[in-house]
Structures are given as structure tokens and as C-alpha cells.
Amino acid sequence: MQLLWAVLVFLAAVVFAAGPVLFPGFNGFDPAAFPVPQDNPPVQPAGYAFAIWGLIYLWLIAGTGFGLFRRADAPDWQPHRQPLFISLAVGVVWLPVAQLSPIAATAMIWVMLVTALLALFRTGDMDRWLQVSPLAVYAGWLTAASSVSIGLLLAGYGLLGPTPAALVALAIALAIALVIQYRLHRAPLYGITVIWALVAVIVANSSPLNIAVVGLSVVGIFAILALRGTDTE
């Protein structure tokens, strides 16, 4: 059974990474997919930030591959595999769903986030750069992406204006990120990845300047960095 889960999570990582090839053409939610079109919403990070998916894909394949071929039976590697598999399996079908329904895609990305965080907390102490680190970056980016999806829905369905929706989304992301990073000091790349997203939000809102969104993003960055001065592990 241990070998089976090692195989399944590796295959899921490979297929997940192949998603942009299997389902090409997705460059974010179609602005026209919302009743209130979302053209350049303030909640959206600058486009360059999404390049982090390349790192995530490669690191997940490397980590799960190492886990399969070198740590298949290691007890330290077992607990995180099942929730990670669920997260990646949902991620495999996320791209085609996202091209059809932002609401369904938002629900799915939250499932991906919750199971990724569960997997991250279940990682062991062996081989941190191949067991903990790829999950930390993956979960960190999902924290940002899932919150952005909430902001897009709030603004896209007219529940809030663009800036208030962005502030709500940022508040959600920061609340999750601060709790997770405080509880999981051994995964600093989680917080660094959230900071990567926040910097990209600042860049996207710098011209013209959206002082509220930029200000909350800056506060969030300093709050995450300040956690490095505490010790919970």
C-alpha cells in the first residue's frame, strides 16, 4: 500500500504538470465570464508572477519522484501522500473547468488548497528540500490563488466593487498565510511564496496607484517577515 501511494502521487504530479499541454489556452478567467466583466481587476497579481507554476510543476515531480524511487517505504514520507494526491488529482481537471465556470473552479481550488495544506502539515523531517519545500511553494501559491478567485467572484458578480473585493481577498490570504507560517516555521518557502504573490499585486496596482490594495499588501509582507522572529517549533 505504501508503494501504491508513492506511485499514485508521482503519477498525479506528472499529469498535473502536463495540464497546460493537455488543456492549452487558459490565461486566467475570461473577463466576460462574469456578469460584471473583470478587466485588469486590482486583486490580480501582475502576469509575471504566474511563471512560478513552472517551478511548482518541476519541484513536485522531483519531490514525488524522489519519494517513489528512494523513499517509497520510509515512514517519514507516508502521512502526506494521500492529501497531496487528492489536491493534485483535483488540479488535473481544474484547467478545463476554469475555462467553463469560475464558480466551480473557485470551489475546486479551495479543495486543492485545503488538501495541500493538510499534506504540508503532515510532511516529515527527512529530505526537506524534496519533501517539504515543493509542498510549501505549492500551498503558498494556492493560498494566494484561491483568495484571488474569491475576490474575482465578489467583484464579478457585483457583490463588491473592485477595490473592496481585492481587500477582502487579500485579508483572507493574509489570515491564512499568517496562521500557517506561524504554525509551520520549518516551511519558510510557504511565506516567501505568498510574499511573491503580494509583490506582484503591488506591481499590478502601482500604475495607476491603488493605495488601499498596495498598502494592505505591504503590511502583509512585513507581517509575514516578522513571523521569522518568532519560534513555534
Does the stretch 12-29 hold any residues that are touching a residue at least 24 places away in the same chain (Cβ under 8 Å), assigned to a loop (DSSP other than H, G, I, E, B) and surrounded by 12 or more Cβ atoms within 10 Å (Cβ to Cβ), and which are they? 23, 26, 29
Conditions (1) surrounded by fewer than 22 Cβ atoms within 10 Å (Cβ to Cβ); (2) in a helix (DSSP H, G or I); number of the one not met by residue 147: (1)
Given the conditions (1) at pLDDT below 95; (2) crowded, with 21+ Cβ neighbours inside 10 Å, every one holds for residue 155 apart from (1)
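Across the stretch 27-58, which residue is nearest to residue 94 (Cα to Cα) among those that are more than 17 Å from the chain's Cα centre (by Cα) and among the hydrophobic types (A, V, I, L, M, F, W, C)? I'd like the intermediate steps shown before the answer.
Filtering the stretch 27-58 for residues more than 17 Å from the chain's Cα centre (by Cα) gives 30-42.
Then keep just the ones that are among the hydrophobic types (A, V, I, L, M, F, W, C); that gives 32-34, 36.
Values: 32: 19, 33: 16, 34: 18, 36: 23 Å.
Among those residues, the one meeting the criterion is 33.
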Residue pairs meeting the criteria (Cβ under 7 Å; at least 6 apart or on separate chains; first over 15 Å from residue 144 (Cα atoms), in the stretch 202-223; second open to solvent by 50 Å² or more (accessible area, probe 1.4 Å) and hydrophobic (A, V, I, L, M, F, W, C)): 212/167; 223/178
Is it true that some residue in the stretch 213-220 is under 20 Å from residue 154 (Cα atoms), among the hydroxyl-bearing types (Ser, Thr, Tyr) and in a helix (DSSP H, G or I)? yes
Where residue 79 falls short, out of the listed (1) in contact with a Pro (Cβ under 9 Å, 6 or more places away or on another chain); (2) at pLDDT 95 or above; (3) assigned to a loop (DSSP other than H, G, I, E, B): (1)
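The values are calculated or read from the model by the stated rules, or taken from the named source; none is laboratory data. Because the structure is predicted, anything quoted here is derived from the model rather than measured. Cβ coordinates were reconstructed from backbone atoms using ideal geometry, including for glycine residues, and neighbour counts include every protein chain displayed. Ligands, DNA and RNA are stripped out before the accessible areas are found, and what is left, the full protein with its side chains, is counted by its heavy atoms. Shrake-Rupley method; radii C 1.70, N 1.55, O 1.52, S 1.80 Å.
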